[in-house]
Amino acid sequence: MKKTLLFIILISIGLLQNSLFAQNLVINEVMALNTKTLQDEDGDYPDWIEIHNTSASSINLKGYGLSDDSLNVYRWVFSNLIISANEHLIIYASGKNRNVASLPLHANFKLKSSGTAIILTDSLGNRVDKVVTNSLNADVSFGRDPSNASQWKYFLTPTPGWANGNDGFLFVAQKPQFTKQGGFYTGRDRKSVV
């Protein structure tokens with residue numbers, strides 16, 4: 001009886017510790033329209049997600065889920081993979097579904113450049129982090145401001161696998177839309193830019 005109780009206590013401590021470490025994992029940077037920034041081992045330029053371990057300890061990601069679907073938070077599940085202290089880990093959102101710890105990681109889904117939610121869930125079902133992107137332009141990433149981790153910015157110089165730079169922007173202007181076709185007009189005619 002005492003051995004069973006001790007075993008249950010040790011398992012509970014291990015699960016609690018795993019959940020506590022999960023609080024030190026963040027989705028740090030995302031690129032949903034990669035055309036030239038980061039090439040994978042096949043020569044392709046897939047979307048990518050960067051996870052950062054902000055703690056001073058390594059964390060085993062086994063059983064953690066990564067998804068773009070809030071109804072299926074375990075759409076892609078990590079194998080037995082250790083993320084070191086302060087490491088920035090890249091997961092390609094390529095649809096290739098490769099999950100071997102010693103090789104580049106590829107999720108089984110792709111990101112939408114028009115905007116998407118990305119969810120990281122621990123092995124116990126607790127949401128570790130979630131980011132919702134807006135429309136992203138080609139080779140512009142969306143990431144955390146290194147001086148204020150709760151602030152997200154757009155980066156013209158993405159830093160996959162490294163700490164984000166300080167050169168981010170809060171907004172990216174969309175292309176202007178004109179109400180009339182270009183040309184020569186006589187008289188007074190109002191034009192507006194939307």
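Table for the structure above
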{"read-out": "Where labels lie 7 Å past Cα in the beta-carbon direction, separation of ALA138 and TYR185 in nm", "value": "3.1 nm"}
{"read-out": "Share of carbon and sulfur in the accessible heavy-atom surface of segment 51-96 [1.4 Å probe, %]", "value": "48 percent"}
{"read-out": "Extension reserve of the ILE90-ASN148 stretch, reckoned as 0.36 nm per residue once the Cα distance is removed", "value": "18.7 nm"}
{"read-out": "Three-way shape call for segment 28-181 based on the alpha-carbon gyration tensor, with the a/c threshold at 1.5", "value": "prolate"}
{"read-out": "Charge dipole (segment 46-123, unit charges on Cβ, about Cα centre) - positive-most of TYR74, LEU120, HIS52", "value": "TYR74"}
{"read-out": "Label-to-label distance, nm, for residues given as SER58 and SER79 (7 Å Cα→Cβ offset)", "value": "1.7 nm"}
{"read-out": "Qualifying chymotrypsin sites (Phe, Trp or Tyr not before Pro) for segment 73-171 [loop in DSSP, other Cβ within 10 Å: at most 16]", "value": "TYR74, TRP162, PHE171"}
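The values are calculated or read from the model by the stated rules, or taken from the named source; none is laboratory data. All figures in this text were calculated on a predicted structure; none of them were measured in a lab. Don't worry about glycine lacking a Cβ; one is built from the backbone with ideal geometry, like all the others, and counts go over all protein chains shown. When the accessible area is computed, the model is the full protein with side chains, heavy atoms only, and any ligands, DNA or RNA have been set aside. Shrake-Rupley method; radii C 1.70, N 1.55, O 1.52, S 1.80 Å.
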